[in-house]
Each structure stands twice: as C-alpha cells, then as structure tokens.
Amino acid sequence: QSVLTQPPSVSAAPGQKVTISCSGSTSNIGNNYVSWYQQLPGTAPKLLIYDNNKRPSGIPDRFSGSKSGTSATLGITGLQTGDEADYYCGTWDSSLRAGVFGGGTELTVL
Amino acid sequence: QVQLQESGPGLVKPSQTLSLTCTVSGGSISSGYYWNWIRQHPGKGLEWIGNIYYSGSTYYNPSLKSRVSISVDTSSNQFSLNLSSVTAADTAVYYCARDGGFDTSGHYHPNFDHWGQGTPVTVSS
C-alpha cells in the first residue's frame, strides 16, 4: 500500500489530453515538493516534473505539473504513442522522514 | 554529465546481506546532492530505501530501517547499500539515484534527476 494514491491506469486517444492524479496528506504533498517520473518498459524512471511544476531541460512543454492542497496532478497534452509508460509521483514525507512514491499509473494511448 | 552505475551480486542467499555499490562519474559525490537507493519489485512500483549526504547523514525507509545501512566513500566517489537478513521479498531491481535533498530553508527537493540503469537482485538459495 503506497503512501501516495494514484489511479492504476488511464487512457486516451493520440492527440488528446490526459491527467494523472496523486493524492496524499499534509505530512507529504501538503507541505513538500512533488515530482513526477516516466518509466518506459525495462528502463530506469526519468524525471518529468520537479518542485511541483518545473520541467527539466529537454522535457517538452506537453508535460505539466500542478499541486493543490494534498493532491498533485500531471498533465500530458498532444498524446503520442511514445508516451505509453508508467508514471509515478514522488515527494518527501515529513512525518516518516522518508521519500515516498505513488503506486504508479499505466498510461495507454489508444 | 553525471552518470551513476550500480554494481554487486545478482544473486543473494536468504538470510545473507545484500551489498550494492553505486559509482558516480562526471561529478563529485560531495557536490551537495543527496544519494539514494530505490528498488522496484517485479511488476510493481517504486520503493524508496534510503539516502545519504556526503557528510554521512542518512535517512531510511521506516519499513526497512532495521535492516538497511547506507554508507559513502567520497575518495572513491561511491556510495553503498547493505540490506541484511534478506528474503525472497527483497528480490527486486535496485536503482541508485541523485536528488536535491534539503535546501537551506529545510524544504526537501525529491527531484531524482539522475539514475543508474538498475541492477536486478534475486534472493534465492
């Protein structure tokens, strides 16, 4: 059971937009920065969003992040088949004094 | 460009200690970042194991704390993971990764921006 809650799967058609939610509590998302990762099959996760809504160099602006209260959201516009992957949110939990991840969301581009 | 590379045995016997090393190249391990171990059970999500700062300060996942030890060797630009009394439940791909850690305001920046390729570890007799 993950500390952060994500939907197991989401799907959308190519070119459409999808959002992935990440729900937590005041001890984690509510008072700490959130990051998002994309993991393609057989590869290490890749940082997509950090500090809630910032994109590392090289990440297209089709990917966006936001945070409100104890929830965070990853948005992906202009979906491509290459976006099919597992997506994870992560943050710090101040009560646990530990890093925590969501359970992951599998994105299918139909 | 910073690169991380895990190394260690791919097979460990039950009740023994799993030991992995992460070698950092292209940058100094003393550069102010935090150095993490993260694992992924087969077909499952990411599990944060713990991290270390170059000074030796550590944080561990409470669920693993009694069995985990992370150390750093700044002279070799490496950090290591020891996980004792392993069982089949510790079979996973183990990743090392860098993140921003605590800033001067005390806020943690969990931005794992560089990862190793991951090393699979199987616990079996």
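The values are calculated or read from the model by the stated rules, or taken from the named source; none is laboratory data. Computed from a prediction, not measured in an experiment: that's the story for all the values here. We place every Cβ from the backbone using ideal geometry, glycine too, and count neighbours over all the protein chains shown. Areas reflect the complete protein model, heavy atoms only, side chains present, ligands, DNA and RNA absent. Shrake-Rupley method; radii C 1.70, N 1.55, O 1.52, S 1.80 Å.
Just one of (1) at pLDDT 95 or above; (2) more than 14 Å from chain A (Cβ to nearest Cβ) fails for B:T104. It is (1).
Elements of the type strands (runs of 3 or more DSSP E) sitting completely within region B:25-125 and holding at least 3 residues that are over 16 Å from A:G99 (Cβ atoms): these cover B:68-73, B:78-83, B:119-123.
Return the only residue of B:D113, B:D103 being over 20 Å from A:V3 (Cα atoms) and free of Cβ contacts under 8 Å to residues at least 12 places away in the same chain. Explain how you work it out, then say what you get.
Working: B:D113 fails: free of Cβ contacts under 8 Å to residues at least 12 places away in the same chain.
On inspection, the qualifying residue turns out to be B:D103.
Of a type in the set (G, A, S) and at pLDDT below 95, is that true of A:G58? It is false that A:G58 is of a type in the set (G, A, S) and at pLDDT below 95. Only residues that are open to solvent by less than 60 Å² (accessible area, probe 1.4 Å), closer than 13 Å to B:L81 by Cβ and assigned to a loop (DSSP other than H, G, I, E, B) were counted in region B:1-24, giving 1. Residues satisfying the criterion are present in region A:49-70 (criterion: surrounded by fewer than 18 Cβ atoms within 10 Å (Cβ to Cβ), more than 14 Å from chain B (Cβ to nearest Cβ), touching a helix residue (DSSP H, G or I) at 6+ places or on another chain (Cβ under 7 Å) and touching a residue at least 24 places away in the same chain (Cβ under 8 Å)).
Screening B:T87, B:T58 for residues that are surrounded by fewer than 21 Cβ atoms within 10 Å (Cβ to Cβ) and more than 28 Å from A:I29 (Cα to Cα) leaves exactly one candidate, B:T87.
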